[in-house]
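Read the structure below first, then the notes.
No value in this document is a laboratory result; all are computed from the given coordinates. Computed from a predicted model, the values in this text were never measured in an experiment. Note that we place each Cβ from the backbone using ideal geometry, even for glycine, and neighbour counts take in every protein chain shown.
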């Protein structure tokens, strides 16, 4: 039931209130309920006490149907971020076997990353000298809204960077230091063909951040950054009101969406959570390009920065560059449905998800009229994935559940209704992101889903005070049987998000092609040993396994060897 520019009485009646009383749960009750649910979830692992033998909610054993025999290959690659390890982890699905770790923002001795000439230079120059990072959102490049297996992009939330991984070699081949941004949170793309890579800047910072405005929070801003995927150069940035969180791109190339919080633009927690509503920001990409090409920007730190704040002249008239869609409190994740029809934002501090009709955004006078559904999902909804059959799957951090719901039914239902909910399944415990197989494409596979849970508590052998995370695999291919928990996978902290790609769409090289090596190399017979001054020696040589061009070299004590 899409909204129109004129609106209808029915639409007005359905428009969800942004007041907390409609939720029938006050702030204090919300926190009490959260504490109670947290206590109960701590007991959920004691299935002999809380569950019947036939109840699989506490941890059903994986069946042979979802096992992978020794020597057999998995159906999917899972690319998981490593959080503060700064890496990407590659697992096979459905076995959940870890296959490889790809160093990105950190040095890594096993592969020599950060020690050889190329990667050390990349970390030092393009990486701004940091040798650690916080990887969050791995996204695989797409062509025609389907994975093409060429690249993977991932953000560094800690140090404001974006990296590109070459999936031919499973190696990081580029890092971009993003200016005017303290932390890049979301990492997403302009679709259908990866025309741009977007980095969502979470934190408001002075621009330029040179100290002049550090004591003036009113001068702070947060930006979305557009990066050319081929060159990894920053094309432009758009400044907005408030903080931003996560993002996703529409399927047709016009829209990019980012959730936001702190519409109050406060600097303390109390100030930042005062309002009962915040915004999903809808960026009109062609309109932004028009502004850049016509010179309607300010250059800051060498980058065109377009004013996308609510009071900007560029947001007046018939085609504002950013539309602010008011939603209940501190929306966290946002993702576009496979058919490209809706953008769904998860409420975080509100127990609902907000369904936004993408086509209606450009047609309505009030962006809030593009909201066509707002089902009640549960306590602390964070992120949503899809199965390609009209179902959304949303994590609820406080309830420790994955909730399956019908988003078309949510459009037909009254705001705040639980009727669209189809199924719920406990997870262990406190899930953040989740990912279904190829959920970010136009054609999800609809068979497997992984919930990336922040806590494992008693699910594994104790290993001291710091527990592993718990990544739980579900089979979601049988709607009649419901979500089926297949297995737990302990993970070193902290996988944050993931992408799942069918094996047929990834074609890794078996050997290195010398033509792909970007630096000059020394072939056999071209080796050289030269003393350039009294204390400096330059050596160029080849190596083959444990054989070197010079089996031994003689140096003076104190020589510098290059």
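The table that follows gives values for the structure above.
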item	result
The stretch 117-192 - Debye-derived log10 I(q)/I(0), Cα point model, q = 0.14, 0.26 Å⁻¹	-0.45, -1.22
Residue-span extension gain [residue 290 to residue 419] - 0.36 nm each, minus C-alpha spacing	42.1 nm
Among 546-553, 478-485, the order from most to least packed when residues are scored by Cβ within 10 Å on average	478-485, 546-553
The stretch 175-219: radius of gyration over Cα atoms, expressed as a fraction of 2.2 N^0.38 Å	1.44
Cα-projected label distance for residue 366 with residue 536, points at 7 Å along beta-carbon direction, nm	7.1 nm
Rg(Cα)/(2.2 N^0.38 Å) for the stretch 412-562, N = residue count	1.85
Inter-probe distance in nm under a simple model that places probes 7 Å from Cα toward Cβ, at residue 481 and residue 553	6.1 nm
Rounded Å value of the spacing that divides the Cα centres of the stretch 283-333 and the stretch 91-169	29 Å
Per-residue Cβ neighbour rank within 10 angstrom, fewest leading, 346, 67, 263	67, 263, 346
Theoretical ellipticity at 222 nm over the chain - DSSP helices of four or more residues, -39500 (n - 2.57) apiece, nearest 500	-2500 deg cm²/dmol
Gained length - residue 233 relative to residue 216, 0.36 nm times residue gap less alpha-carbon distance	3.1 nm
Cα-based radius of gyration of the stretch 361-431 once divided by 2.2 N^0.38 Å, which approximates compact folds	1.19
Degrees between helix 27-43 axis and first principal axis of the chain (Cα, 0 to 90, nearest 10)	60 degrees
Potential lengthening between residue 516 and residue 193 on full extension [0.36 nm per residue; Cα-Cα distance subtracted]	113.9 nm
Dmax and Rg, reported as Rg then Dmax, of the stretch 368-496 (C-alpha, Å)	15.2, 52
Candidate values (1) 19, 51, 27, 2; (2) 15, 41, 35, 9, 0; (3) 20, 52, 23, 5, 0, label of the one derived for P(r) over Cα pairs in 20 Å bins from 0, in percent	(3)
